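Asker: Got a structure for you, written out below as C-alpha cells; questions coming shortly.
The values are calculated or read from the model by the stated rules, or taken from the named source; none is laboratory data. On a predicted model such as this, the values are computed, not experimentally measured, just so you know. Every residue, glycine among them, receives a Cβ derived from its backbone with ideal geometry; neighbour counts consider all protein chains shown.
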Amino acid sequence: MRPYQKLVTRALVAAMLIAARATPAAPEPSGASSVPADNAETLTRNGWDQYYDTNYEVAVRDFQKVVEMRPDDPGALNHLLAALVFRELYRAGALNSTLYSGDSFVKNTRPVPIDAKTRERIRQLVEQALQLSGQKLQAAPNDVAALYARGVTRGLWATYLGLVDKAWFAALRSAIGARRDHQRVLELDPKYADAKTVVGVHNYVAGSLPWAVKAAISIVGLSGSRSKGLEYLREAAKDGKETSVDARVALALFLRREQRYGEALEVVRTLTAAYPHNYLFALEEANLLKDWGKNQDALDAYRKLLDQARKGTFFDPRLEFANFDLGEILRGRGEYQQAADAYSLAAHQPNAGPDIRQRSGVAAGEMYDLLEKRDQALKEYQAAISADGNTQLAELARKRLKSPYRNN
C-alpha cells in the first residue's frame with residue numbers, strides 16, 4: 001500500500017467508525033425499562049437507550065422485534081444492523097478511539113472474529129436494506145428518507161468491511177457512497193440536520209489530509225474542509241433529532257485532535273451525563289484529560305472508572321484499556337510498581353484482544369525489569385509472545401527475553 005493510500009485509508013476508516021453510528025430515529029434517553037411488545041416506537045426508543053449504554057444484547061432484541069413488525073422499513077433494518085455490528089466491534093475491543101491515532105490498526109490484517117451465523121445475518125440485513133431503499137429511490141429518485149436510509153446502510157457496511165474484514169478499498173467505496181447519499185439529502189433539504197453528521201465527519205477528515213494527498217484523492221470526490229466539518233457536526237449535535245449523540249461523539253473526537261481539550265471535555269460530559277452506563281464515554285473523558293496533560297485529573301478519572309466498573313456501573317466494560325492508560329500515566333511519574341500492576345491487569349483481562357495484551361504485557365515486563373523482578377518480567381514477555389508471535393511487539397518481547405529492559 002502506498003504511503004498516501006495508507007494515510008487515506010486510516011483516516012477514512014476512522015471516519016467510518018464514527019459516521020456509521022449515525023443511524024436514524026435515535027431519541028434522547030427515556031429510561032424505559034418495560035415495553036409493550038406491540039409498540040414499535042417504544043421498542044425502538046428502548047433499543048436506542050440500551051444501544052448508547054452499550055447494552056447491545058437488549059438493543060438487538062428490541063430492534064429485532066421492530067424488524068418483525070416493520071419488515072419493509074429500511075430504517076428498522078439499519079437499527080438492527082448497527083446494533084449487531086457495534087456489538088461485535090465492542091466485543092473485539094475495537095471501539096476505543098485511541099486505537100485509531102496511529103497506523104497499527106491499518107497494518108493489522110487480522111479480521112475481527114465473528115461467528116458465521118452473525119456474519120451472514122449482517123450481510124442479509126445490508127442486502128435487504130439496500131434493496132428496500134433502492135426500490136423507493138427507483139420510484140422517486142429524490143426521496144429524502146430513502147436517500148438518508150441508504151447512506152446509513154452504506155456507512156455501516158463500510159465500517160464492517162474496514163474494521164471487521166479489513167477490506168480497505170471496498171470499505172472506502174462504500175464510505176464514499178454514504179457521503180454522497182447524505183450530501184444529496186442536504187441538497188434537497190438543507191435543514192436536514194441529521195444528514196450533516198456523516199457529511200461533517202467526511203468533510204473534517206478529508207480537510208485534515210496533507211495537500212498532496214488531497215490532490216491525489218480529489219478524483220474520488222473526497223474534498224473537504226475541517227472548519228465546515230466541525231460546523232456541520234455542531235449543527236447536527238444541536239438540531240439533529242436522530243444523530244445528535246453521534247454528532248457529539250464525532251465532534252468530541254475531532255476537538256481532541258485539534259487540541260481543544262476544554263471544548264471536547266464539555267461535549268463528552270453531556271454524553272456521560274445522558275448515558276451513565278456507557279463505559280466508552282467515561283473512558284473518553286479520562287483519555288481527554290490525559291491528552292490535555294492533566295495527569296492527576298486523568299489518574300483520578302481512570303481510577304474512578306475502574307472503581308465504577310467493579311461496582312457494576314457499566315455493561316461488560318473493557319477494562320484493559322483503562323488499565324493500560326493508567327499504567328502509562330504511572331510509568332511517566334516513575335511509579336513503576338503501580339504501573340506494572342496496571343499493565344499486568346490489562347494484559348491478563350479475559351476478553352482482551354491480542355494487540356492490547358501484547359502492548360500491556362511488554363510494558364509490564366519492562367516495569368518489572370526496572371524493579372529488578374526478572375522472573376515476573378520474563379513471564380510477561382512470554383505471555384505477550386503467546387498472544388501472537390508474528391508481530392513487531394512479539395519481536396520486541398523476544399529481545400527483552402534476551403536482555404533486560406533499561407531506561408535510556
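Asker: Do any helices (runs of 4 or more DSSP H) entirely within region 1-114 hold 3 or more residues that are in contact with a Ser or Thr (Cβ under 9 Å, 6 or more places away or on another chain) and either among the acidic types (Asp, Glu) or at pLDDT 95 or above (or both), and if so, which?
Answerer: Values: elements: 3-19, 40-52, 56-69, 74-91, 104-107.
Once the helices (runs of 4 or more DSSP H) in region 1-114 are filtered for at least 3 residues that are in contact with a Ser or Thr (Cβ under 9 Å, 6 or more places away or on another chain) and either among the acidic types (Asp, Glu) or at pLDDT 95 or above (or both), what remains is 56-69, 74-91.
Asker: Conditions: (1) in contact with a Leu (Cβ under 8 Å, 6 or more places away or on another chain); (2) small (Gly, Ala, Ser); (3) in a loop (DSSP other than H, G, I, E, B). Ala301 meets all but one. Number of the miss?
Answerer: (3)
Asker: With (1) of a type in the set (Gly, Ala, Ser); (2) within 20 Å of Leu95 (Cα to Cα); (3) crowded, with 22+ Cβ neighbours inside 10 Å as the list, and Ala342 as the residue in question, which single condition is left unmet?
Answerer: (2)
Asker: Filter region 178-196 down to the residues that are crowded, with 24+ Cβ neighbours inside 10 Å, among the basic types (Lys, Arg) and more than 9 Å from Gly151 (Cβ to Cβ) and list them by number.
Answerer: Lys196
Asker: Do you know which of the residues in region 200-244 that are farther than 20 Å from Arg260 by Cα and of a type in the set (D, E, K, R) is modelled with the highest pLDDT?
Answerer: Asp239
A quick yes/no check of all residues on (1) touching a residue at least 24 places away in the same chain (Cβ under 8 Å); (2) part of a helix (DSSP H, G or I):
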position	(1), (2)
Arg121	yes, yes
Gln124	no, yes
Gln138	no, yes
Val152	yes, yes
Gly155	yes, yes
Leu161	no, yes
Ala175	yes, yes
Leu186	no, yes
Pro190	no, no
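Asker: Also: Considering only residues of region 234-247 that are crowded, with 24+ Cβ neighbours inside 10 Å and not hydroxyl-bearing (Ser, Thr, Tyr), which is nearest to the chain's Cα centre (by Cα)? I'd like the intermediate steps shown before the answer.
Answerer: Quick first cut of region 234-247, residues crowded, with 24+ Cβ neighbours inside 10 Å only: 236-237, 243, 245-247.
If we keep only those that are not hydroxyl-bearing (Ser, Thr, Tyr) too, we end up with 236-237, 245-247.
Numbers: Ala236: 19, Ala237: 18, Val245: 13, Asp246: 11, Ala247: 13 Å.
The extreme case among them is Asp246.
Asker: Working only within region 358-395, note down all residues that are among the polar types (S, T, N, Q) and in a helix (DSSP H, G or I).
Answerer: Gln358, Ser360, Gln376, Gln382, Ser386, Gln392
Asker: Across region 303-337, what is the total count of residues that are over 17 Å from Asn287 (Cβ atoms) and either among the β-branched types (Val, Ile, Thr) or crowded, with 16+ Cβ neighbours inside 10 Å (or both)?
Answerer: 4
Asker: Next up: Which one of Gly177, Gly151, Gly207 is at negative phi, among the small types (Gly, Ala, Ser) and in contact with a Gly (Cβ under 6 Å, 6 or more places away or on another chain)? Write out each step before concluding.
Answerer: Working: Gly177 fails: in contact with a Gly (Cβ under 6 Å, 6 or more places away or on another chain); Gly151 fails: in contact with a Gly (Cβ under 6 Å, 6 or more places away or on another chain).
Only one candidate qualifies: Gly207.
Asker: Oh, and also: Can you find a residue in region 262-278 that is out of contact with any Leu (no Cβ under 8 Å at 6 or more places or on another chain), more than 19 Å from Tyr204 (Cβ to Cβ), free of Cβ contacts under 8 Å to residues at least 40 places away in the same chain and among the polar types (S, T, N, Q)?
Answerer: Yes, region 262-278 contains at least one residue that is out of contact with any Leu (no Cβ under 8 Å at 6 or more places or on another chain), more than 19 Å from Tyr204 (Cβ to Cβ), free of Cβ contacts under 8 Å to residues at least 40 places away in the same chain and among the polar types (S, T, N, Q).
Asker: Out of (1) over 24 Å from Arg318 (Cβ atoms); (2) touching an Asp or Glu at 6+ places or on another chain (Cβ under 7 Å), the odd one out for Asp369 is which?
Answerer: That leaves (2) as the condition not met.
Asker: I would also like to ask the following. Among the residues of region 53-72 satisfying the criterion of being surrounded by fewer than 23 Cβ atoms within 10 Å (Cβ to Cβ), touching a His at 6+ places or on another chain (Cβ under 9 Å) and not polar (S, T, N, Q), which is nearest to Lys117 (Cα to Cα)?
Answerer: Per the criteria, the residue is Val67.
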